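K.L.:
Dropping a structure here in structure tokens format, bear with me for questions.
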Amino acid sequence: MRNAETGSTVDMELEEENTVQEIIEGAAGYWEKDSGAYVLRKGKRLLRGQQTVLDAGIGNSDDLELIPDPEGG
Amino acid sequence: MSSPHIVGSKDRPIREREPPPKDRRTAHKWLNDKAKEEYLGLEEKGYELYISKLAEEKIRNHASSTSSDRLEVMGLLLGNIFRCNGNEYALVRDVATTDLDSSSVRVRFSRDGMEKLFASLEDAGFNYLIVGWYHSHPGHRCFMSPTDVETQRGLFNKRFHSAVVIDPISKEIEAFYLDGSKVKSRPFAIYWDEFQNPYYGETVRRKRLAGDAQPIKANRR
């Protein structure tokens, strides 16, 4: 998985039942980010929080990217 | 079932590269007097943020497109980080945005617009970093609101991350960054690539040449 804000990458070991939310939390925790402020993409597709690895069709060596979801005021 | 766990990591190295030279950069035409002075003060030393003419036009056009309804706009700054003589700087080459949920005092990416945003990231055509974000304050001038500061702290807290705030009604623009817990203004330059029109912000008139036809003068009687 790639952190789009720094270009850093991590390799993650996942199980089919892991959710997208858990993946985001794992990566955001590692990079010391607030997981609630990020979304995860696989190509042009948004991976939704409650989807599992199986539902989302995440396979071995897939590239995922953590994208910031800012709010302005 | 176990939680996802990280089995390896890699940081992206920062490449050495000269920033855009003086003859291919200028101050933004919407800088206020104080910001223009700060810009001039850094001409020799260089800047920590360079925004391409293309990205700047997209930001300005985006902000202006909804200014009559006083709706905020927002997008991500796509670029890279480089180092020169020990100093890091960010080069913004392009921007990415999508449909927005916005009012005159608040803006977010629309939940249904994420795939459109991702399509622009996929089509960026270079190995980008998201080096910050931009948003507009139509008619409210340029500053970092408490929500903006919260966003900057949570998402864009590296030294090289910038928040560009633009007011298309007052015609002002300013960039900010986090220095520890403080928000500071960041002077920046607009740059263009060699093949682009260098006459940013100026009207170009063709010089009259000796062989050109003279304008016809009306006879006065």
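K.L.:
Which of the listed residues, B:Leu178, B:Thr66, B:Ser110, is farthest toward the dipole's positive end in chain B, when Lys, Arg count +1 and Asp, Glu count -1 at the beta-carbon?
P.N.:
B:Thr66
K.L.:
What shape does chain A take by its C-alpha gyration tensor, where a ≥ b ≥ c are the square roots of the eigenvalues and a/c under 1.5 counts as rounded, a/b above b/c as prolate, and the rest as oblate? Walk me through the numbers before you get to the answer.
P.N.:
Numbers: a/c = 1.62, a/b = 1.41, b/c = 1.15.
Verdict is prolate for chain A.
K.L.:
Given labels modelled 7 Å from the Cα in the Cβ direction, how far is it in nm from A:Glu15 to B:Asp101?
P.N.:
Once both label points are built, they end up 3.3 nm from each other.
K.L.:
Quick one: if you stick a label point 7 Å off each Cα along the C-beta vector at A:Arg45 and B:Glu18, how many nm between them?
P.N.:
Inter-label distance under the simple model: 4.6 nm.
K.L.:
About its Cα centre, how strong a charge dipole does region B:25-191 have in debye, to the nearest 20, once Lys and Arg get +1 and Asp and Glu get -1 at the Cβ?
P.N.:
With Lys and Arg at +1 and Asp and Glu at -1, about 300 debye.
K.L.:
Also, I was wondering about something else. Can you compute the modelled spin-label distance between B:Ser185 and A:Thr52, with each label point 7 Å from Cα toward Cβ, in nm?
P.N.:
Result for the modelled spin labels: 5.5 nm.
K.L.:
Can you list the lysines whose alpha carbon sits under 29 Å from that of B:Lys184, skipping same-chain ones fewer than 8 residues off?
P.N.:
A:Lys33, B:Lys22, B:Lys29, B:Lys34, B:Lys36, B:Lys45, B:Lys53, B:Lys58, B:Lys158, B:Lys171
K.L.:
Is the shape of region B:114-183 best called rounded, prolate or oblate, per the rule: a/c under 1.5 gives rounded, else a/b larger than b/c gives prolate, else oblate, with a ≥ b ≥ c the square roots of the Cα gyration tensor eigenvalues?
P.N.:
Values: a/c = 2.14, a/b = 1.29, b/c = 1.65.
Oblate shape, in that a/c is at least 1.5 and b/c is the bigger or equal ratio.
K.L.:
Can you give the percent of C-alpha pairs in region B:21-148 whose distance is more than 22 Å?
P.N.:
43 percent
K.L.:
Can I ask one more? How big is Rg to Rh over chain B, alpha-carbon atoms, Rh as the Kirkwood inverse-mean-distance radius?
P.N.:
Rg divided by Rh gives 1.08.
K.L.:
Which residues does the label zone of B:Asp193 cover in region B:55-69, counting backbone N under 16 Å from a point 7 Å along Cα→Cβ?
P.N.:
B:55-58
K.L.:
Do the sum for chain B: with -39,500 (n - 2.57) for every DSSP H run of n ≥ 4, divided by all residues, what is the mean residue ellipticity at 222 nm, to the nearest 500 deg cm²/dmol?
P.N.:
-5500 deg cm²/dmol
K.L.:
Scan chain B and report its longest stretch carrying no GluC sites (Glu not before Pro) that are both in a DSSP loop and have at most 16 other Cβ atoms within 10 Å.
P.N.:
Longest stretch, sites excluded: B:45-193.
K.L.:
If you don't mind, there's one more thing I want to ask. Out of all DSSP beta bridges in region B:25-191, what portion is antiparallel? Express it as a percent rounded to 5.
P.N.:
Restricted to region B:25-191, the bridges split so that about 70 percent are antiparallel.
K.L.:
Using the Karplus curve 6.51 cos²θ - 1.76 cosθ + 1.60 with θ = phi - 60°, work out ³J(HN,Hα) for each residue of region B:178-185 in order, rounded to whole Hz, and write x for Gly and Pro.
P.N.:
Values per residue, Gly and Pro as x: 9, 10, x, 9, 9, 8, 10, 6 Hz.
K.L.:
Rounding to the nearest 20 debye, state how big the charge dipole of the protein assembly as shown is about its Cα centre with +1 on each Lys and Arg Cβ and -1 on each Asp and Glu Cβ.
P.N.:
2220 debye
K.L.:
Still on this structure, I have one more. Rounded to whole Å and sorted largest first, what semi-axes of the equivalent ellipsoid does the C-alpha gyration tensor of the protein assembly as shown yield via the square root of 5 times each eigenvalue?
P.N.:
Rounded to whole Å, the semi-axes are 41, 21, 19.
Values in this text are rule-based calculations from the coordinates and carry no lab data. Everything quoted here is computed from the prediction, not taken from an experiment. Neighbour counts run over all protein chains shown; Cβ positions are idealised from the backbone, glycine included.
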